[in-house]
Amino acid sequence: SNLCNLEPPPEGASFTFMVPKKEISMVPDMGKWKRSQVGSSLWAYADYIGFILTLNEGVKGKKLTCEYKVSETVEKLVDLLGTLDRWINETPPVDQPSRFGNKAYRTWFAKLDQEAEALVSVVLPADKRAAAPEIAVYLKESVGNSTRIDYGTGHEAAFAAFLCCLCKVGALRVDDQLAIVFKVFNRYLEVMRKLQKTYRMEPAGSQGVWGLDDFQFLPFIWGSSQFIDHPTLEPRHFVDERVVNEHHQDYMFLECIKFINEMKTGPFAEHSNQLWNISAVPSWSKVNQGLIRMYKAECLEKFPVIQHFKFGSLLSIQPVKP
């Protein structure tokens, strides 16, 4: 079975891929996206949230350091992310008057723009190479915006959509789910943190201290699931720097907190108010459920985020013909 609740297309089935494009240009268009929450299971929204929740279930109670299967596709994805990382080293920030939004990012992005299709092609099974132009769009959308030199949860969503599309064409499979989060997504986070630091990227559409985090959301969802039923660590512990330093290698959530602590100064309760509030929630399963609700409300149902989302044949805005 497939992670996006779909069977991979049958061998040799003819399928028309398309380059994804924006479909939600005005607030009323949100209905097209939200409608996908009910009815046909082949809408983009249902697929996307189903994918996120399947992975959430898969990582429950597991450490980043646990044993899991690593397929050839996963190895290739890790290599792809390694390439992006290497390009950062090859593209140092330039001297410029403004502190934020270093223009060298545009040089780095131009390289990805040029190479994305070839990079994605290598990851795909030979008989699915035709999907590369479609799937590459999500990869390019996942690293931030080269005009504004910013990054936010919409870009992160594009990376999850990229992985979801790889599942839909059968490149990633159900038994890859731990590796998708712990190996691929975790490596993606490392590269994004390096981009954010190196080029001093602005948070996209940040709600200031009222947002969960300036840049990411998904690792808090999956990271809180990792902690469910933990014998000793409770939500109140993640604000303790000693706990973070001791356990961050095992838990995505703590890696995020560690990065925030490195990037921000002052009392945690002030710079990360939402997270501070979450530390008062009694159990990790409550935190996890609350974050999923918040993600739907603050990210997936917000026009400023979803207006940038692109739809193609794999993540479609069209209702599927019965």
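Near the amide H of S279, under 5 Å away, which other amide H atoms are found, from residues 5 or more places off or on another chain, if H is placed in the peptide plane?
none
With all protein chains present, calculate the accessible area of M263 using a 1.4 Å probe and round the result to the nearest 10 Å².
Per-residue accessible area (M263): approximately 80 Å².
Once fully extended, how much extra length lies between T83 and M26, figured as 0.36 nm per residue of separation less the alpha-carbon to alpha-carbon distance?
Details: separation 57, 0.36 × 57 = 20.52 nm, distance 3.67 nm.
Full-extension gain reported as 16.9 nm.
May I ask you to rank V181, V94, V78 by accessible area, largest first, using a 1.4 Å probe over the protein chains only? Show your work: numbers first, answer last.
Working: V181 0, V94 70, V78 30 Å².
Greatest to least solvent exposure: V94, V78, V181.
Contour minus end-to-end for D113 and A280, with contour as 0.36 nm per residue of separation and end-to-end as the Cα-Cα distance? Mind dumping the intermediate values first?
Details: separation 167, 0.36 × 167 = 60.12 nm, distance 4.30 nm.
So the extension gain works out to 55.8 nm.
Rolling a 1.4 angstrom probe over the protein heavy atoms, how many square angstrom per residue are accessible across the stretch 3-311?
Values: 13730 Å² over 309 residues.
I get 44 Å² per residue for this part.
Do you know the relative contact order of the chain, to the nearest whole percent, from alpha carbon pairs under 8 angstrom that are 6+ apart?
Values: 448 pairs, mean separation 94.8, N = 322.
The value is 29 percent.
Amide H to amide H, which residues 5 or more places from K22 or on other chains are under 5 Å from it, using H placed in the peptide plane?
F311
Quote the relative contact order of the stretch 77-188 in percent (integer), defining contacts as alpha-carbon pairs under 8 Å separated by 6+ residues. Don't jump to the answer; show the numbers that get you there.
On the way: 88 pairs, mean separation 27.7, N = 112.
Averaging sequence separation for qualifying contacts and normalising by length gives 25 percent for the stretch 77-188.
Report the one residue of N186, P28, H247 whose Cα lies farthest in the direction of the positive end of the charge dipole of the chain (charges on C-beta: Lys and Arg +1, Asp and Glu -1; origin at the Cα centre).
The listed residue farthest towards the positive side: P28.
Anything in the chain that counts as a DSSP H helix reaching 20 Å or more along its axis (C-alpha) with Kyte-Doolittle mean of at least 0.5? List them, would you? Provide the component values of the computation, followed by the final result.
Values: long enough: 44-58 (21 Å, 0.56); 72-90 (27 Å, -0.21); 104-123 (27 Å, 0.21); 153-168 (22 Å, 1.01).
Passing helices, by number: 44-58, 153-168.
When the helix-only estimate is applied to the chain (DSSP H runs of n ≥ 4, each -39,500 (n - 2.57), divided by the residue count), what is the mean residue ellipticity at 222 nm, nearest 500 deg cm²/dmol? Spell out each step's value before the answer.
Details: 14 runs with 152 residues, N = 322.
Using -39500 (n - 2.57) per qualifying helix, the result is -14000 deg cm²/dmol.
Got a number for carbon plus sulfur as a percent of the chain's accessible area, 1.4 Å probe? Could the numbers behind the result be given before it?
Values: 7570 of 14520 Å².
Carbon with sulfur: 52 percent of the solvent-accessible area.
Which of the residue pairs K194/K264; K197/K258; K128/K194 have a Cα-Cα distance greater than 22 Å in the structure shown?
Details: K194/K264 15 Å; K197/K258 14 Å; K128/K194 31 Å.
Violating the 22 Å Cα-Cα cut-off are K128/K194.
Which distance in Å, rounded to a whole number, links the C-alpha centroids of the stretch 180-243 and the stretch 98-113?
Between the Cα centre of the stretch 180-243 and that of the stretch 98-113, the gap is 23 Å.
With a ≥ b ≥ c the root eigenvalues of the C-alpha gyration tensor of the stretch 3-311, is it rounded (a/c under 1.5), prolate (a/b larger than b/c) or oblate?
Working: a/c = 1.40, a/b = 1.19, b/c = 1.18.
Judged from the Cα gyration tensor, the stretch 3-311 comes out rounded (a/c under 1.5).
Taking the Cα centre as origin and putting +1 on Lys and Arg beta-carbons and -1 on Asp and Glu beta-carbons, what dipole magnitude results for the chain, to the nearest 20 debye? Display every interim value, and only then the final one.
Details: 37 positive and 38 negative charges, 127 e Å.
Roughly 600 debye, rounded to the nearest 20.
The values are calculated or read from the model by the stated rules, or taken from the named source; none is laboratory data. In this text, all values refer to a predicted model and were calculated from it rather than measured experimentally. A quick note on method: Cβ atoms are made from the backbone with ideal geometry, for glycine too, and the neighbour counts reach across all protein chains shown. Only protein heavy atoms, including side chains, enter the accessible area calculation; ligands, DNA and RNA are left aside. Shrake-Rupley method; radii C 1.70, N 1.55, O 1.52, S 1.80 Å.
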